[in-house]
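K.L.:
My questions will all concern the structure given below.
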């Protein structure tokens, strides 16, 4: 019986080790990406015009950019839609090749992944009901809706040293937050400039937005720290698109 118990224990240990190592993702360098025939883009398709769903397909400015990178590599693009909060961790662990999700560059993320060259500059906007006097509107004391994990959430609305909000309600997307704004469940929504303008465009009779006056921020693409060759290709494509004015064209096409 003791021998059987030892054997069973050994089997359990081996199984546990196999599970742990099997769960660890391997870095997909350029050779592996090309061998697989696909580039895996991780995103959160609730941030128009950068990424959103249309006819059951993820589209947007960032998808157009990622398609250009895939073409440079001679592979197809595979888009995986997921919670925004998980993207950096998944890229870090090699569960995806690039994180492209209107992602702002900051020091906390830099510790975990490498960023490409910056390709968009944005700032925080506030969405409020039509008729609101935006010149006198104060964020302090308000119920603020935010997309969880975004700059508006982490660095502004949820930081009492910046905004003394009455309450911060966190949503999977700014679109969901705006829906609650129309129902009167929040006083305003804080989100990046272009997504805010896009939401207002879809709700012109009910919502308006304004520049909250905070620091500008830049978007870049996330790549695993040890995937230098892929990062070089990403930068090459981004620099070309910036030089050709293509990113501005992508924005117009999806606005």
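The values are calculated or read from the model by the stated rules, or taken from the named source; none is laboratory data. Note that the structure is predicted; figures quoted are calculated from it, not measured. When we count neighbours, we look across all protein chains shown, and the Cβ atoms used for this are built from the backbone with ideal geometry, even at glycine.
K.L.:
Which one of these does residue 187 not meet: (1) in contact with a helix residue (DSSP H, G or I) (Cβ under 9 Å, 6 or more places away or on another chain); (2) closer than 30 Å to residue 253 by Cβ?
P.N.:
Exception for residue 187: condition (2).
K.L.:
Whether any residue in the range 51-64 is assigned to a helix (DSSP H, G or I) and farther than 24 Å from residue 32 by Cα is what I want to check. Spell out the reasoning first.
P.N.:
Kept after step one, since they are assigned to a helix (DSSP H, G or I), are these residues of the range 51-64: 61-64.
Imposing the further condition that a residue be farther than 24 Å from residue 32 by Cα reduces the set to 61.
Among the residues of the range 51-64, at least one is assigned to a helix (DSSP H, G or I) and farther than 24 Å from residue 32 by Cα, which makes the answer yes.
K.L.:
Show the residue pairs that are 6+ apart or on different chains and have beta-carbon atoms under 6 Å apart, the first residue being within the range 39-51 and not assigned by TED's automatic domain parsing to the domain that holds residue 98, the second being surrounded by fewer than 23 Cβ atoms within 10 Å (Cβ to Cβ) and not in a loop (DSSP other than H, G, I, E, B).
P.N.:
No pair meets every condition.
K.L.:
Could you go through the range 156-166 and let me know if any residue there is surrounded by fewer than 19 Cβ atoms within 10 Å (Cβ to Cβ) and within 30 Å of residue 205 (Cβ to Cβ). Working first, answer last.
P.N.:
Step one: list which residues in the range 156-166 are surrounded by fewer than 19 Cβ atoms within 10 Å (Cβ to Cβ), which gives 158-162, 164, 166.
Applying the additional criterion that residues be within 30 Å of residue 205 (Cβ to Cβ) yields 166.
The answer is yes; a qualifying residue exists.
K.L.:
Moving on. Quick check on my filter: what residues within the range 38-71 are over 16 Å from residue 98 (Cβ atoms) and touching a helix residue (DSSP H, G or I) at 6+ places or on another chain (Cβ under 7 Å)?
P.N.:
Of all residues in the range 38-71, those over 16 Å from residue 98 (Cβ atoms) come to 46, 48-49, 52-57, 59.
Answer for the range 38-71, where residues must be over 16 Å from residue 98 (Cβ atoms) and touching a helix residue (DSSP H, G or I) at 6+ places or on another chain (Cβ under 7 Å): 46, 48, 49.
K.L.:
I'm trying to understand the selection: among the residues of the range 126-147, which are within 13 Å of residue 213 (Cα to Cα) and not in a loop (DSSP other than H, G, I, E, B)?
P.N.:
126
K.L.:
Does the range 206-213 include one or more residues that are in the same structural domain as residue 148 (by TED's automatic domain parsing), at pLDDT 95 or above and part of a loop (DSSP other than H, G, I, E, B)?
P.N.:
yes
K.L.:
Suppose we keep only residues that are assigned to a loop (DSSP other than H, G, I, E, B) and in contact (Cβ under 8 Å) with a residue 60 or more places away in the chain within the range 65-100. Which one would you say is surrounded by the fewest Cβ atoms within 10 Å (Cβ to Cβ)?
P.N.:
Of all residues in the range 65-100, those assigned to a loop (DSSP other than H, G, I, E, B) come to 74-75, 82-83, 93-97, 100.
In the following step, the residues that additionally are in contact (Cβ under 8 Å) with a residue 60 or more places away in the chain were identified as 83, 93-95, 97, 100.
Details: 83: 12, 93: 15, 94: 18, 95: 20, 97: 33, 100: 31.
Per the stated criteria, the residue is 83.
K.L.:
Are any residues in the range 233-248 under 21 Å from the mean Cα position of the chain (by Cα) and without any contact (Cβ under 8 Å) to a residue 24 or more places away in the chain, and if so, which ones?
P.N.:
248
K.L.:
Within the range 229-250, take every residue that is closer than 24 Å to residue 93 by Cα and in contact with a strand residue (DSSP E or B) (Cβ under 8 Å, 6 or more places away or on another chain) and give me the one that is surrounded by the most Cβ atoms within 10 Å (Cβ to Cβ).
P.N.:
Checked the range 229-250; the qualifying residue surrounded by the most Cβ atoms within 10 Å (Cβ to Cβ) is 234.
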